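See structure below.
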Amino acid sequence: VPKSTVPNFRVPSGRGCTDIVCCVLLVLAVVGYVVVGVVAWTHGDPRKVIYPTDSRGQFCGQQGTPNDAAIPGIPAAFPGIPAVFPGIPAASELSPAAPPCPPPLQICVSKCPDRYMTYLTAHGTPSSLEYYRDFCAPEFKSARKAPIEVLKDKECPAMLIPSTPLARRCFPAIQAKKGVIMVGNETTYDDGRGRRRNVTELLEGAKKANVVLETRQLAMKIFEDYTVSWYWIIIGLVIAMVASLIFIVLLRFLAGIMVWVMIVMVILVLGYGIFHCYMEYAKLKGEAGSDVSLVDLGFQTDLRVYLHLRQTWLAFMIILCVLELVIVLLLIFLRKRILIAIALIKEASRAIGHVMSSLLFPLCTFFLLCLCIAYWASTAVFLSTSNEAIYKVFNESACPFSGQTCKPETFNTSNVTKLCPDAQCLFAFYGGETTYHKYLIVLQFFNIFMFFWLANFVIALGQVTLAGAFASYYWAFKKPDDMPAFPLFSAFGRALRYHTGSLAFGSLVLAIVQVIRVTLEYLDHRLKAAENKFAKFLLSCLKCCFWCLEKFIKFLNRNAYIMIAIYGTNFCTSARNAFFLLMRNIIRVAVLDKVTDFLFFLGKLLIVGSVGILAFFFFTHRIKLVQDTAPPLNYYWVPILTVIVGSYLIAHGFFSVYGMCVDTLFLCFLEDLERNDGSAEKPYFMSQNLRKLLKKTNKGQPDA
């Protein structure tokens, strides 16, 4: 583009399709992604995640299966937990490479057992045997067989243990009373072979199950809190949205006043937080248990316990004091630059005033991101459940067919039963030996890669659309007469029509780096137990380098998309021009761009802090006018944190539009200074007052 010309957004005749190769690659990748999804949905079965199975691989409690009528979906595994009896591995741990041991007996039951009992003791009592029959295999019809034959044929478990249902499975009901480990109020149990065992032998096997049980109880309490407070949470989020909208509208007309009011309010809010923390710290002085340290207390699911410690409020007070001090010092050193940032924010407010629909555009980006996440998650679930039920030959005596794959339908008529009379064809694990199953890990990797690529493409589409709309405002000599009738829709159409390939290029580069980072995180997780310090050091260095690379690429992509929206050049050219343009004006970038980011951060902090304080006082019953209205909660931090996080996302959505507008106008201004000289032939497009202020930020650098 010649230096003497400016882009025409009304008639973009100079534009053409850019990075066509990347556009074709994206289309082919999306088609392949759809094919992978269809294949995964054809072979996958999410019931494997939701419903457990018995020893034969049949679902428990699922309609259309043999266990759907009388079974509500709780399998009782006896022994069921591999670590309870280490000599008997679980079916899921069997390896097709070695002859497997017989899997534990897993039976679908209507309810978990609630008492200790062995088959030997129940065999002689009709009432006990009738109770025991509910926990036997379906083929167990008669008690005429000798107990040793029943146990050998695995028609019934050797013993029952008091259990509790968890995730549709029965686990030993382990509890601690005064430091004594008990199961069903007993410290010992009969193992079914006439020996008494200590219940601590069950502890290791059920340790992880108890962690899951505690997590489940915590999740249930959190769910209860959401059920009684969801409408108040929505009200809090609506307040955050209204406050953000009012703040943005006021910026449109009172940018200077609103920025200074925002700065003062942030300082006051943080000051009140420091005062409140000090008052709570002083009030707890002398109270029993308030001097316990956080290290000694450890992690507690009930966060209210921490609020009774002086050390907690001291930590809060120190954090707020440091944050207050940092903000005050930054304001002192940047006081002159803030005036320039305010001028740019005023110009951005005028641009947004002419493109008011841009405030709602983040909802479109959010919706498309939700579609990407939903498709990725569903495809991942279907791929992970694409394995087939594998049955193996199990035999207690020597058998040449032991460990080989078999089919239950034809097993009884095969030669295996003739050569090995006591052999059984039992469900071993979920797997597969077809080409599709061998490449499942490759398909999962492709699924993750496409998720990052499409998610970054959606974000890039949103950025280039906003940049195109705001650039059309800047380069309009007579505003708004020279602007397109619908700037946002025009920019969206230009991005899809001409620059899909460029957006695909930029998002592809970023996706590759993000996939590498995910791979490094996976390797780091796998090497946590390793003792190789050099490998850990090298991995940490690589993680740090790729984190920095990702941040740089995001910064470069953002500015490249702005140049694409302005001039319609390809990605590499736009990235190069944007980078060197910023380097030629590095002082302006460091001073102005970051100051506006700091001011927008203060705006988000003000909204989130105000709504968060209001939610804190409401849910802790400290507002007398509505003290009886607030719902009773198990953990009042649940709705408070939800409101705070939701408020931040809402405020970030509104301020992200302002941030993109400021970045676009800033690059347009730099281009304006380099392309024009203020003469009649090459007039400036920015106001004279703002141009004087912005030129002051580049003292010592020659202006083009």
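The values are calculated or read from the model by the stated rules, or taken from the named source; none is laboratory data. Keep in mind the model is a prediction, meaning the values are calculated, not measured. Reconstructed Cβ throughout: ideal geometry from the backbone, glycine too, with neighbour counts over all protein chains shown. Ligands, DNA and RNA are stripped out before the accessible areas are found, and what is left, the full protein with its side chains, is counted by its heavy atoms. Shrake-Rupley method; radii C 1.70, N 1.55, O 1.52, S 1.80 Å.
Quick notes
- Note that the stretch 388-431, at 10 °C in a medium of 1.306 mPa s, gets a Stokes-Einstein diffusion coefficient of 154 µm²/s from its Kirkwood radius over C-alpha pairs.
- Highest average packing first - 125-137, 417-429, Cβ atoms within 10 Å: 417-429, 125-137
- The mean of 1/r over all pairs of different alpha-carbon atoms in the stretch 491-615, once inverted, gives a Kirkwood hydrodynamic radius of 17.8 Å.
- Mean Cβ neighbour count within 10 Å, used as a protection proxy, ranking 656-668, 279-291 highest first: 656-668, 279-291
- Modelled spin-label separation between Leu339 and His437, with each label point placed 7 Å from Cα along the Cα-to-Cβ direction: 7.5 nm.
- Label-point separation, Leu649 to Tyr522 (7 Å along Cα→Cβ), nm: 2.7 nm
- Applying both filters, DSSP loop and at most 11 other Cβ atoms within 10 Å, to the trypsin sites (Lys or Arg not before Pro) of the stretch 487-541 gives Lys528.
- Heavy atoms of the protein chains alone define the surface here; on that basis the stretch 297-416 has 55 Å² accessible area per residue at 1.4 Å probe size.
- Calculated FRET efficiency, Arg115 to Val295, Cβ-Cβ distance, R0 = 56 Å: about 0.85 to the nearest 0.05.
- Reported to the nearest whole Å, the Cα centre-to-centre distance from the stretch 524-560 to the stretch 18-46 is 28.
- Portion, in percent, of the accessible area of the stretch 388-431 that falls on carbon or sulfur, probe 1.4 Å: 53 percent
- Near-label residues of the stretch 303-327 by backbone N, under 14 Å of a point 7 Å along Cα→Cβ of Tyr272: none
- Listed pairs Lys336/Lys554; Lys392/Lys528; Lys152/Lys528 exceeding 32 Å between Cα atoms: Lys392/Lys528; Lys152/Lys528
- Pairwise label distance in nanometres, Val326 with Ala485, each label 7 Å out on the Cα-Cβ vector: 5.0 nm
- Less than 5 angstrom separates the built amide H of Met117 from those of Leu160, all sequence-distant by 5 or more or on a different chain.
- Set of the stretch 431-447 residues, backbone N closer than 19 Å to the point 7 Å along the Cα-Cβ line of Glu409: 431-434
- Take the Cα of Ile587, go 7 Å toward its beta carbon, and the backbone nitrogen atoms of the stretch 329-361 under 14 Å from that spot belong to 337.
- Computed 3J(HN,Hα) for the stretch 567-573, one whole-Hz value per residue from the Karplus formula 6.51 cos²θ - 1.76 cosθ + 1.60 where θ = phi - 60°, is 10, x, 7, 6, 5, 4, 5, glycine and proline marked x.
- Take each peptide in 442-454, 343-355, count the other Cβ atoms within 10 Å of every residue, and average; sorted highest first, the result is 343-355, 442-454.
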